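Please treat every number below as a calculation from the coordinates, not as lab data. Source: prediction; values computed, not measured. Counting neighbours? That spans all protein chains shown, and the Cβs are built from the backbone with ideal geometry, glycine included.
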Amino acid sequence: MELRFLDRGTLLDIEFLTRDLKPFSDEKFAGNFYDIEKDLTFFITSDELFEKLDEFDPSCYLKITFRRGLKAYTFTGKFSSIVKKSRENLILITAASPLKKIELRNAPRIDISLPVNIYKIAPDAPNQAGELLLKGYSKDISNTGICIFSDTLIQEQHDSEFIAEFSIIRDNVFSLRAKLMRSGNSPIISYKYAYGFLFIYDDNSDEKSNLTVSMFKYKTNSQPLRPGR
């Protein structure tokens, strides 16, 4: 995997690192890959990061992570400059390390497109749905989170919490608290935006167990029959 093979709009998770490559804080930023300039320099867009660059020591590093299919990659980069193109503020970054493939959580995951509703949390009921915020379709689901495509823009900040409602198997509706972890432009033209949500529950909760079982049943039922069966 090389940077030059990244598609425009690929979602990026970005963190500030110190000079000795230690996390600078717990703060993370969402961005999108825009274009390659040369072999090691490339442009990204990120309104969140752009607003923080004045506070950033240019001698420090950025940690950048992205997913490609079921694989994830990470590398470090150095901020180079700001470039204005087509009324967009593009951030030019120079890669400072090779791409490293990282293992995603060993969580069951299925690629599935199904309707998903995201609700604001009801004011007086922290585990119940309130106002409908957006309707979208899933890209994939694991028992730790869900990726959603939608034409609706979420104005809330990352780490904001919502209720995600969906059904993998008919008549088995999940209504789960979920934290917004990343957002950006959709990499497919059918939708404008893409979002990543992390489910909020205990590892040993009934909700997580029920979701894992539903995913297993879906995966089992969708497997093609072998010859002779």
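A simple packing score, the average count of other Cβ atoms within 10 Å per residue, orders the peptides 20-27, 188-195 as 188-195, 20-27, with the highest score first.
For helix 206-221, what angle does its Cα long axis make with the longest principal axis of the chain, in degrees from 0 to 90 and rounded to 10? That works out to roughly 80 degrees. If both residues of a DSSP beta bridge must be in segment 1-141, then about 100% of such bridges are antiparallel. Checking the a/c ratio against 1.5 first, then a/b against b/c, what shape does the Cα gyration tensor give for segment 72-143? Because a/c hits 1.5 or more and a/b fails to exceed b/c, segment 72-143 counts as oblate. Ranked by the mean number of other Cβ atoms within 10 Å of their residues, highest first, the peptides 157-163, 47-53 come out as 157-163, 47-53.
Judged by the gyration tensor of its Cα atoms, with axes a ≥ b ≥ c, segment 25-127 is prolate; a/c meets the 1.5 cut and a/b is the larger of a/b and b/c.
How much net charge surrounds LEU132 when only the other residues with a Cβ under 15 Å from the Cβ of LEU132 are counted, with Lys and Arg +1 and Asp and Glu -1? All intermediate terms of the calculation are to be shown ahead of the outcome.
Working: positive: LYS120, LYS135; negative: GLU131, ASP151, GLU156, GLU165.
Every neighbour counted, the sum reads -2.
For CYS147, neighbours were defined as the other residues whose beta-carbon sits under 11 Å from its Cβ, and their charges (Lys and Arg +1, Asp and Glu -1) total +2.
Proximity of backbone amide H atoms, modeled 1.01 Å from N, is registered between SER160 and LEU180 at under 5 Å, excluding neighbours fewer than 5 places apart on the same chain.
Under the rule a/c < 1.5 gives rounded, and otherwise a/b versus b/c splits prolate from oblate, where does segment 109-221 land using the Cα gyration tensor? In terms of gyration-tensor shape, oblate.
A 25 angstrom limit on the alpha carbon distance is what I want to check against. Which of LYS28/LYS192; LYS38/LYS78; LYS22/LYS208; LYS120/LYS208; LYS28/LYS219 exceed it? Flagged as over cut-off: LYS22/LYS208; LYS28/LYS219.
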